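The values are calculated or read from the model by the stated rules, or taken from the named source; none is laboratory data. Just so you know, these numbers come straight off a predicted model, no measurement behind them. Using ideal geometry, Cβ is built from the backbone for each residue, glycine included, and neighbour counts are taken over all protein chains shown. These area figures cover heavy atoms from the full protein model, side chains too; ligands, DNA and RNA do not enter into them. Shrake-Rupley method; radii C 1.70, N 1.55, O 1.52, S 1.80 Å.
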Amino acid sequence: MPGMGEEKMSMNPASLAESLLQHATSGTDAEPNSTPFGMLMTTRGSWTLMFHGEAFLSEIQQNGPRGGDKLFSTNWWMPMAQRKFGNGTLTIRTMFSFEPATVSDRRYPELFQQGETAFSRPIVDGQHPHDFFMELAALYDHRVREHTLLSVYAAPMGDPAMGPPAYPHRTSASEDPIAPLGHHLQDSTHIATDVITAGITYRDFRLEASGFHGREPDEFRWNIDSGTIDSWSARVTANPGQNWSLRIRLPNCTAQRRSPRVWT
């Protein structure tokens, strides 16, 4: 686009509330305030348009009876639009993946990985491609007071308030060309259907709850799945320092720390 340039959304926001308004990850997930987000940005009238993503071309050759060989691509793309609306900010965000076309036979080889199905058989020593529609979402953040946000998230395909940001958005894993082995445990709901989340944020603390359809996507990756809301979750998030983000997902707890080179 004319006038579009690459910028870093890493203005070191002073609080969790300011960081969340960037909405550069999936769902309503939070990152440490110091996390940089490189993306293309431009403005069109009252709208701010943003785009970022990743693509990898991989050739895997594995010996032994459990291994396999394949040339494939993993990828994701996230366009987003924001504008002021009333006393808040409206965000429209999507996330796509062309893996249904760039990963043949509904899987690529990955030793010790397991989860979901291919041709109605459980996948073992392999990883399925992600859905073409990874997220279709609208978010509204209403500024109640200077440091207080009331937020609503609605997504036919989205990410409920469960665990940490999914691996494509975690600095520790964002440059991995294939899914980490813990993907189906740590990121099990990063593509869920019929998600509704409401939350309130004050400075560096956030409380939120979600309702969603609690099923993994089926193996037909080009369509949009749907179902009744039958699952619930709640999460408390705190960013006590610029390099820290902690969350409690009832009844489990996760934590992150960002340093210049590594997260733990």
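Mind checking which pairs have a first residue in region 204-216 that is over 13 Å from THR228 (Cα atoms) and open to solvent by 10 Å² or more (accessible area, probe 1.4 Å) and a second that is aromatic (Phe, Trp, Tyr) and part of a strand (DSSP E or B), Cβ under 9 Å, 6 or more apart or different chains? From region 204-216, the pairs are ALA209/TRP232. Scanning region 177-203 for residues that are open to solvent by less than 30 Å² (accessible area, probe 1.4 Å), among the hydrophobic types (A, V, I, L, M, F, W, C) and modelled with pLDDT under 95 yields a count of 3.
All conditions in (1) over 23 Å from PRO32 (Cβ atoms); (2) at pLDDT 90 or above; (3) in contact with an Asp or Glu (Cβ under 8 Å, 6 or more places away or on another chain); (4) not basic (Lys, Arg) hold for ASN239, with the sole exception of (1).
Among the criteria (1) free of Cβ contacts under 8 Å to residues at least 60 places away in the same chain; (2) open to solvent by 30 Å² or more (accessible area, probe 1.4 Å); (3) not in a loop (DSSP other than H, G, I, E, B), the one MET39 does not fulfil is (2). Taking the criterion of being of a type in the set (Lys, Arg) and modelled with pLDDT of 95 or more, no residue of region 45-68 qualifies.
Taking only region 242-252 into account, find how many residues are assigned to a loop (DSSP other than H, G, I, E, B) and either basic (Lys, Arg) or loosely packed, with under 14 Cβ neighbours inside 10 Å (or both). Count: 2. For region 146-165, give me each residue that is of a type in the set (Ser, Thr, Tyr) and farther than 10 Å from GLY27 by Cα. Once the filter is applied, which keeps residues that are of a type in the set (Ser, Thr, Tyr) and farther than 10 Å from GLY27 by Cα, region 146-165 yields THR148, SER151.
For region 164-174, the set of residues classified as in contact (Cβ under 8 Å) with a residue 60 or more places away in the chain and out of contact with any strand residue (DSSP E or B) (no Cβ under 6 Å at 6 or more places or on another chain) consists of PRO165, ALA166, HIS169, ARG170, SER174, listed by residue number. Here GLY158 meets the list (1) under 15 Å from the mean Cα position of the chain (by Cα); (2) open to solvent by 20 Å² or more (accessible area, probe 1.4 Å); (3) not charged (D, E, K, R) almost entirely, failing just condition (2).
Selection of strands (runs of 3 or more DSSP E) fully inside region 47-129 by the criterion of at least 2 residues being open to solvent by 50 Å² or more (accessible area, probe 1.4 Å) and either within 22 Å of ARG221 (Cβ to Cβ) or touching a residue at least 60 places away in the same chain (Cβ under 8 Å) (or both) returns 47-61, 69-85, 108-118, 121-127. Of all residues in region 217-235, those satisfying the criterion of being more than 20 Å from GLY115 (Cβ to Cβ), surrounded by fewer than 18 Cβ atoms within 10 Å (Cβ to Cβ) and of a type outside the set (A, V, I, L, M, F, W, C) are SER226, THR228, ASP230.
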